[in-house]
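*Asks:* Below: one structure in structure tokens.
The values are calculated or read from the model by the stated rules, or taken from the named source; none is laboratory data. Remember, it's a predicted structure, so these values are computed and weren't measured experimentally. Here Cβ is always computed from backbone atoms with ideal geometry, including for glycine, and neighbour counts include all displayed protein chains.
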Amino acid sequence: MFPLFPLSVVLFPGGFLPLHVFEPRYRKMLVDVVDGGHRFLILPPGADDGPPTPGTIGTVARVRAVQPLADGRSNIVVSGDRRVTLTRVVEGPTPYPLGEAEDLPDLADTQIPTPDEVAKLRELGERYAVELAVLETGEREPEWSDDPGLLSFQIAALTEWEFSIQRHFLSVRSATERITRLLAALPSLIIDAAGRARVHQRASHNGTGHR
């Protein structure tokens, strides 16, 4: 049984996500989660922002850090644990929704990614992370997994794709397909991020005598 936190964002396994918890029912959920197993389920809401429906794919989130605010709200950071499918929404005594879910592992690939493809993916992911770190004015040193499937999710977590694209990517059950898509998408993403990083660096030097 998981507390359900419906959001129009995607948490990928192995990725990290900052969240702002402000609704009273989810404040209560956070208290219960921190007192319990530190885990809840992030998944898209149903139609018209209604409750999520069985069959919806989401990710088990693990609470990594909590910053309580004076008015009862909280800033938190969660990491993606594993991908699951919601099987049932359960009525319970809590003000927030509860549900049951089953793991959604990858299917067996008929063609596994080659070591060269995995190495290339890791290289592109590292380059992308470096450019994003400039934009965020901080350091971003991901600890990449040695598992190709999880690695593909970790790198996808860096992307700024639209919600619908990220949601579809989460549903892909072939590690080879995810890696192929990332290898095709990352070069242009890196170019875009690098361009924005250069603009950001120039702007940060305005008025300091640097050109």
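*Asks:* Kindly indicate whether any position in region 91-112 is on the phi > 0 side of the Ramachandran plot and either outside the structural domain of LEU182 (by TED's automatic domain parsing) or not in a helix (DSSP H, G or I) (or both).
*Replies:* Our first condition is that a residue be on the phi > 0 side of the Ramachandran plot; within region 91-112, this holds for none.
No, the conditions are met nowhere in region 91-112.
*Asks:* Continuing with the same structure: Give me the pairs: first residue in region 143-160 and surrounded by fewer than 21 Cβ atoms within 10 Å (Cβ to Cβ), second residue assigned to a helix (DSSP H, G or I) and charged (D, E, K, R), beta-carbon distance under 6 Å, and six or more apart or on different chains, which are they?
*Replies:* Taking only residues 6 or more apart or on different chains, the pairs are TRP144/ARG122.
*Asks:* Would you pick out the residues in region 138-165 that are of a type in the set (S, T, N, Q) and either closer than 14 Å to ALA193 by Cβ or not assigned by TED's automatic domain parsing to the domain that holds ARG178 (or both)? I'd like the intermediate steps shown before the answer.
*Replies:* Step one: list which residues in region 138-165 are of a type in the set (S, T, N, Q), which gives 145, 152, 154, 159, 164.
Correct list: THR159 only.
Every residue, every condition in (1) of a type in the set (D, E, K, R); (2) at pLDDT 95 or above; (3) farther than 23 Å from ALA61 by Cβ; (4) outside any helix (DSSP H, G or I), yes or no:
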| position | (1), (2), (3), (4) |
| --- | --- |
| THR137 | no, no, yes, yes |
| GLU141 | yes, no, no, yes |
| TRP144 | no, no, no, yes |
| LEU170 | no, yes, no, no |
| ALA197 | no, no, yes, no |
| ARG202 | yes, no, yes, no |
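*Asks:* Would you check if there is a residue in region 10-21 being in contact with a Leu (Cβ under 6 Å, 6 or more places away or on another chain) and not in a loop (DSSP other than H, G, I, E, B)?
*Replies:* For region 10-21, residues in contact with a Leu (Cβ under 6 Å, 6 or more places away or on another chain) and not in a loop (DSSP other than H, G, I, E, B): present.
*Asks:* Now for a separate question. Could you say whether any residue in region 204-211 is at pLDDT 95 or above and assigned to a loop (DSSP other than H, G, I, E, B)? Break it down into steps so the answer makes sense when it comes.
*Replies:* Restricting attention to region 204-211, the residues satisfying the condition of being at pLDDT 95 or above are none.
No, every residue in region 204-211 fails to be at pLDDT 95 or above and assigned to a loop (DSSP other than H, G, I, E, B).
*Asks:* Does ALA70 satisfy the criteria of being surrounded by fewer than 18 Cβ atoms within 10 Å (Cβ to Cβ), assigned by TED's automatic domain parsing to the domain that holds PRO95, of a type outside the set (Phe, Trp, Tyr) and more than 20 Å from the chain's Cα centre (by Cα)?
*Replies:* Details: surrounded by fewer than 18 Cβ atoms within 10 Å (Cβ to Cβ): yes; assigned by TED's automatic domain parsing to the domain that holds PRO95: yes; of a type outside the set (Phe, Trp, Tyr): yes; more than 20 Å from the chain's Cα centre (by Cα): yes.
Answer is yes for this residue.
*Asks:* Kindly provide the set of residues from region 28-47 that are touching a helix residue (DSSP H, G or I) at 6+ places or on another chain (Cβ under 9 Å) and outside any strand (DSSP E or B), ordered by number.
*Replies:* Narrowing region 28-47 to residues touching a helix residue (DSSP H, G or I) at 6+ places or on another chain (Cβ under 9 Å): 39-40, 44.
Of everything in region 28-47, just one residue is touching a helix residue (DSSP H, G or I) at 6+ places or on another chain (Cβ under 9 Å) and outside any strand (DSSP E or B), namely PRO44.
*Asks:* Considering only residues that are more than 17 Å from the chain's Cα centre (by Cα) and of a type in the set (Phe, Trp, Tyr), which ones fall in region 94-149?
*Replies:* Within region 94-149, just TYR96 meets the criteria.
*Asks:* Hey, does region 33-40 have a residue that's more than 27 Å from ILE190 (Cα to Cα), assigned by TED's automatic domain parsing to the domain that holds LEU7 and crowded, with 19+ Cβ neighbours inside 10 Å?
*Replies:* To start, the set of residues in region 33-40 that are more than 27 Å from ILE190 (Cα to Cα) comprises 33-40.
Right, trim to assigned by TED's automatic domain parsing to the domain that holds LEU7 and you get 33-40.
Subset that is crowded, with 19+ Cβ neighbours inside 10 Å: 33, 40.
The answer is yes; a qualifying residue exists.
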